[in-house]
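In what follows, a single structure is set out as structure tokens and then discussed.
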Amino acid sequence: METVNLKREEREELTEITTKSQNQYQHANPTVTLYESPAHQLYYIEEDSAETKEYLIEDEEAEDARKNPEEFLKDLIEKMISSGDDVVINRLELYRWGLRNVDEDKVGEDYVGLCLIVSEETYYGYNPIHYVEDDKGFTLIYNNLAYAKAWIAEHKTGIYNLSHNEAGRPNYTIIAL
């Protein structure tokens, strides 16, 4: 794939084939879209709140993209995510893009080892997914399943005050580190 800089008028002529987006924020979610030009060239464009990157898809890959555009985008996003060095963050990104379900990684009752808690929040129009953090923004790591369960029990009892636009309590899932 070749990085390109499409002119505004060129971009306006593109026809959208398919798109995949996160649903983490109320606005400006990261998005990857596959487009076709009037000359039958395929492009994919990555967009988020900070930047836009445009790529021309080479002939052999373009053929695959035309055969199964959804699978092409899925594979493309997985490659983008896996290029990062932090496996824990990569896994979170797979959840955020909807390419992996948190329940697939839920630990069993017999699990022994370090744990993380995934919080799936529900707001009207978007659903943030993140690891539970302390008040300084550091991801909490639990020494064992019992500590993680205790944290969840503490946060599921009593009165829960909804944030602005929040639709209910978060759903918590314990996963292995």
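Brief remarks follow.
- Selection count where residues are assigned to a loop (DSSP other than H, G, I, E, B) and aromatic (Phe, Trp, Tyr), scope region 152-177: 1
- Just one of the listed residues (77, 117, 129, 89) is more than 16 Å from residue 174 (Cβ to Cβ) and surrounded by 15 or more Cβ atoms within 10 Å (Cβ to Cβ), and it is 77.
- Flag for residue 11 being farther than 28 Å from residue 100 by Cβ and of a type in the set (Lys, Arg): yes
- If you go through region 1-28 and pick out every residue that is small (Gly, Ala, Ser) and either part of a strand (DSSP E or B) or loosely packed, with under 10 Cβ neighbours inside 10 Å (or both), you end up with 1.
- The residue that is modelled with the lowest pLDDT, among those in region 42-60 that are surrounded by 15 or more Cβ atoms within 10 Å (Cβ to Cβ) and not aromatic (Phe, Trp, Tyr), is 48.
- Cβ separations smaller than 6 Å between residues 6+ apart or across chains give the following pairs from region 61-72 residues that are in contact (Cβ under 8 Å) with a residue 40 or more places away in the chain to residues that are surrounded by fewer than 18 Cβ atoms within 10 Å (Cβ to Cβ): 69/18; 70/18.
- Odd one out for residue 26 among (1) of a type in the set (S, T, N, Q); (2) touching a Lys or Arg at 6+ places or on another chain (Cβ under 8 Å); (3) modelled with pLDDT under 90: (2)
- Looking across region 114-126, the residues that are assigned to a loop (DSSP other than H, G, I, E, B) and either modelled with pLDDT under 95 or within 16 Å of the chain's Cα centre (by Cα) (or both) come down to 124, 125.
The values are calculated or read from the model by the stated rules, or taken from the named source; none is laboratory data. It should be emphasised that the depicted structure is a prediction, and the values quoted were computed from it without experimental measurement. A quick note on method: Cβ atoms are made from the backbone with ideal geometry, for glycine too, and the neighbour counts reach across all protein chains shown.
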